[in-house]
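Structure record follows, encoded as structure tokens.
The values are calculated or read from the model by the stated rules, or taken from the named source; none is laboratory data. Just so it is clear, the model here is predicted, and its values are computed rather than measured. As a convention, Cβ positions derive from the backbone with ideal geometry for all residues, glycine included, and neighbour counts pool all protein chains shown. Ligands, DNA and RNA are excluded from the accessible area calculation, which covers all protein heavy atoms including side chains. Shrake-Rupley method; radii C 1.70, N 1.55, O 1.52, S 1.80 Å.
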Amino acid sequence: MIKVENVSKKFNDQLILSDINLQIADGEKVLFVGQNGAGKSSLMRTILGEYIPTSGRVSIDGYDSFKQRRLALRNLSFVPQTPPPLKLSLAELIYFARRTAGADEAEVRKFCGELQLDLSSNLNKPFYKLSGGMKQKFLIALAFGRAGKAMIFDEPTANLDPSAREHFGELLHKYAASKSLIFISHRLEEVGGLVNRMICMDLGRIIDDKNV
């Protein structure tokens, strides 16, 4: 379970999250919506322990997501909207994910195949030199290659072509039915059949939270 308790976050004098209270149970499928700047990505980064709350607390399965980050994130995968400019090769990233996050290399390779990413010919290329679509496919494959029970996707199909978006949707239906899924997405048609809860944010606050 993900639990957000009275979380606020300031950068200098700017309040980007304001007194957020939220619980996401195991197995829930949640979609976060709202305009750009509403606080969706900032909330995800706080859940992931990348941002320290100015006040309040975030826990995942009872572990503080900042103070006990490794334990808190051991069962959670994250695919960001903007791929990081990593200089490691794909082979090195797979090795790193295997050693630090329990990723299964065979599974990563399988999911690269399902997303039609030619891993073999790109294995020794630096990640940052791949196209936007290839980066996104690889990050999705890494996320699915872990045995975790929760996955967070921040605009996961933004860099994917229509065919790759379709394959991504197939992966979710086929392999993630029992997982907790959290989406930030403007493409409601792609996740509408998956989610059972929609949370709307504006100006750093949750303004609506409903079952769908």
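From the list Phe96, Phe111, the lone residue that is in a helix (DSSP H, G or I) and touching a helix residue (DSSP H, G or I) at 6+ places or on another chain (Cβ under 6 Å) is Phe111.
Thr82 meets the conditions (1) open to solvent by 30 Å² or more (accessible area, probe 1.4 Å); (2) outside any strand (DSSP E or B); (3) touching a residue at least 40 places away in the same chain (Cβ under 8 Å) in every case but one. The failed one is (3).
Kindly evaluate Glu189 against the criterion of being open to solvent by 70 Å² or more (accessible area, probe 1.4 Å) and either within 17 Å of Ala38 (Cβ to Cβ) or not in a strand (DSSP E or B) (or both). Considered against the rule, which asks whether it is open to solvent by 70 Å² or more (accessible area, probe 1.4 Å) and either within 17 Å of Ala38 (Cβ to Cβ) or not in a strand (DSSP E or B) (or both), Glu189 comes out as yes.
Based on what the data block shows, is Ser77 over 26 Å from Ser131 (Cβ atoms) and open to solvent by less than 20 Å² (accessible area, probe 1.4 Å)? Let's see the steps before the verdict.
Values: over 26 Å from Ser131 (Cβ atoms): no; open to solvent by less than 20 Å² (accessible area, probe 1.4 Å): yes.
For Ser77, the condition - over 26 Å from Ser131 (Cβ atoms) and open to solvent by less than 20 Å² (accessible area, probe 1.4 Å) - is not met.
Restricting attention to the stretch 123-156 and to residues that are more than 12 Å from the chain's Cα centre (by Cα) and polar (S, T, N, Q), the residue that is nearest to Phe78 (Cα to Cα) turns out to be Ser131.
Only one entry of Arg146, Arg165, Arg109 meets the criterion of being out of contact with any Ser or Thr (no Cβ under 7 Å at 6 or more places or on another chain) and of a type outside the set (Val, Ile, Thr), and that entry is Arg109.
I'd like to check something: does the stretch 2-15 contain any residue that is closer than 12 Å to Ile182 by Cα, under 17 Å from the mean Cα position of the chain (by Cα) and part of a strand (DSSP E or B)?
yes
Being within 18 Å of Met44 (Cα to Cα), outside any loop (DSSP other than H, G, I, E, B) and open to solvent by 40 Å² or more (accessible area, probe 1.4 Å) is the requirement here; does Met198 meet it? Against the criterion (within 18 Å of Met44 (Cα to Cα), outside any loop (DSSP other than H, G, I, E, B) and open to solvent by 40 Å² or more (accessible area, probe 1.4 Å)), Met198 qualifies. Suppose we keep only residues that are assigned to a helix (DSSP H, G or I) and touching a Gly at 6+ places or on another chain (Cβ under 9 Å) within the stretch 153-173. Which one would you say is farthest from Lys137 (Cα to Cα)? Across the stretch 153-173, the extreme among qualifying residues is His173.
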